[in-house]
1. Assuming R0 = 35 Å, what is the FRET efficiency of Leu101 and Glu69, from their Cβ-Cβ distance, to the nearest 0.05?
2. What base-10 log of the normalised intensity I(q)/I(0) is obtained for the stretch 9-105 from the Debye formula, alpha carbons as equal point scatterers, at q = 0.23 Å⁻¹?
Amino acid sequence: MSSSSAPPSSSAGVQNSKKSLGFIANAVKRKDSFIQFFAMTGILLLSVRSLGQKYRLHNLQEDTTALKEEQEALAERTRNIKRDLLHEASLEPTGLFASRLRLLFGERE
């Protein structure tokens, strides 16, 4: 019984080598189809990447718009604070505080 046919692992190795040789032979036979398949796969991957970049660009444009609006709101708020401070300082009878604020804000009298 110990002298039976070859161990099963060696027969599986022979089948695997036949399959791989068959695959390579098939690939050589149908070389144009494989080239076309790889080209189409490359085009598909580039299209998916391009689509992702398109949406990323759109999101960045939305972020830019939101930041510009926020900057304008902050600039308006700063102008209002300066105006109110100068108004409050102008109510002081000596005018010293108003002139000091104008120096700080870089404004001329």
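Every number in this text was worked out from the coordinates using simple rules, so none of it is lab data. Predicted model, so just to flag it, every value in this text is computed and none were measured. Cβ sites come from the backbone with ideal geometry, for glycine too, and all protein chains shown count toward neighbours.
1. Values: r = 28 Å, r/R0 = 0.81.
Between Leu101 and Glu69 the formula returns 0.80.
2. Here log10 of I(q) over I(0) equals -1.08.
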